[in-house]
Amino acid sequence: MAHEPSVSASATPFFTGTYSRVLDAKNRVAIPAAWVGDEGQKFFVTPNVPEKFLTVRPYAELQEAWRKITQSGLPPAKQKAMERFVFGGAKEVTADKQGRILLPPDYCQLIGLSGEVSLVGTMSRFEIWPKDRFDAKQAETSEDIWKLASELGL
């Protein structure tokens, strides 16, 4: 059985809120102070190609994905395919003293990230969108989401 390092729940922040930031010429973006712990905190970045944004996960979230896959009961070939899909595209980034992460240039190009970006908390992870694309997505889905939220009692 593989060894899983333990991470306490309190060590993982909740990623909530939406923040506007500017991606600098070196592909660095400052993440909110509440989202980053100490200098050197590691995150894992993966592209969402169909919707054109980046997903950023802390170690604990990636560890949880691994646990779900290995305990899924999938046949070995499908489990390996899922591991390649989830972890094969994950690139590690580290927060610097200013709370910035350096995004992989190939992922920025693939998604079309430059200039103004939106950082969007989704509880256990966060997303980085081109600001104009995120604003358009919000406008496109806001009426349906408000209705659904009301139906769910949120």
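The values are calculated or read from the model by the stated rules, or taken from the named source; none is laboratory data. Only a predicted model underlies this, so the values are computations on that prediction, with no experimental measurement involved. Methodologically, a virtual Cβ is constructed for each residue, glycine included, from the backbone with ideal geometry; neighbour enumeration extends over all protein chains shown.
Before moving on, here are some points about what is shown:
- Considering the conditions (1) touching a residue at least 24 places away in the same chain (Cβ under 8 Å); (2) assigned to a helix (DSSP H, G or I), ILE145 is excluded by exactly one of them, (1).
- Residue match in segment 43-62 (condition: of a type in the set (Ser, Thr, Tyr) and closer than 19 Å to GLN109 by Cβ): yes
- Selected residue (criterion: surrounded by the fewest Cβ atoms within 10 Å (Cβ to Cβ)) from residues of segment 96-114 that are part of a loop (DSSP other than H, G, I, E, B) and within 14 Å of the chain's Cα centre (by Cα): PRO104
- Of the residues in segment 52-67, at least one is in a loop (DSSP other than H, G, I, E, B) and in contact with a strand residue (DSSP E or B) (Cβ under 8 Å, 6 or more places away or on another chain).
- Qualifying positions in segment 76-114 - acidic (Asp, Glu) and modelled with pLDDT under 95: GLU83, ASP96
- Considering segment 115-124, the residues that are under 16 Å from the mean Cα position of the chain (by Cα) and outside any loop (DSSP other than H, G, I, E, B) include one that is surrounded by the most Cβ atoms within 10 Å (Cβ to Cβ), namely VAL117.
- Residue match in segment 72-93 (condition: in contact (Cβ under 8 Å) with a residue 60 or more places away in the chain, out of contact with any Ser or Thr (no Cβ under 9 Å at 6 or more places or on another chain) and either aliphatic (A, V, I, L, M) or part of a helix (DSSP H, G or I) (or both)): no
- Identity of the residue in segment 128-152, within 25 Å of ALA30 (Cα to Cα) and charged (D, E, K, R), that ends up modelled with the lowest pLDDT: LYS137
- Segment 47-59, residues that are more than 18 Å from LYS137 (Cβ to Cβ) and touching a Leu at 6+ places or on another chain (Cβ under 8 Å): none
- So ASP96, is it among the acidic types (Asp, Glu) and under 23 Å from ASN27 (Cβ atoms): yes
- Considering each residue of segment 125-136 in turn, at least one proves to be assigned to a loop (DSSP other than H, G, I, E, B), surrounded by 15 or more Cβ atoms within 10 Å (Cβ to Cβ) and under 14 Å from the mean Cα position of the chain (by Cα).
- Here VAL22 meets each of (1) loosely packed, with under 15 Cβ neighbours inside 10 Å; (2) modelled with pLDDT under 95; (3) hydrophobic (A, V, I, L, M, F, W, C) with one exception, condition (2).
- Any hit, segment 71-91, residues being surrounded by 11 or more Cβ atoms within 10 Å (Cβ to Cβ), out of contact with any helix residue (DSSP H, G or I) (no Cβ under 6 Å at 6 or more places or on another chain) and under 20 Å from ALA25 (Cα atoms): yes
- Yes/no for GLU39 being over 18 Å from SER124 (Cβ atoms) and exposed (fewer than 12 other Cβ atoms within 10 Å of the Cβ): yes
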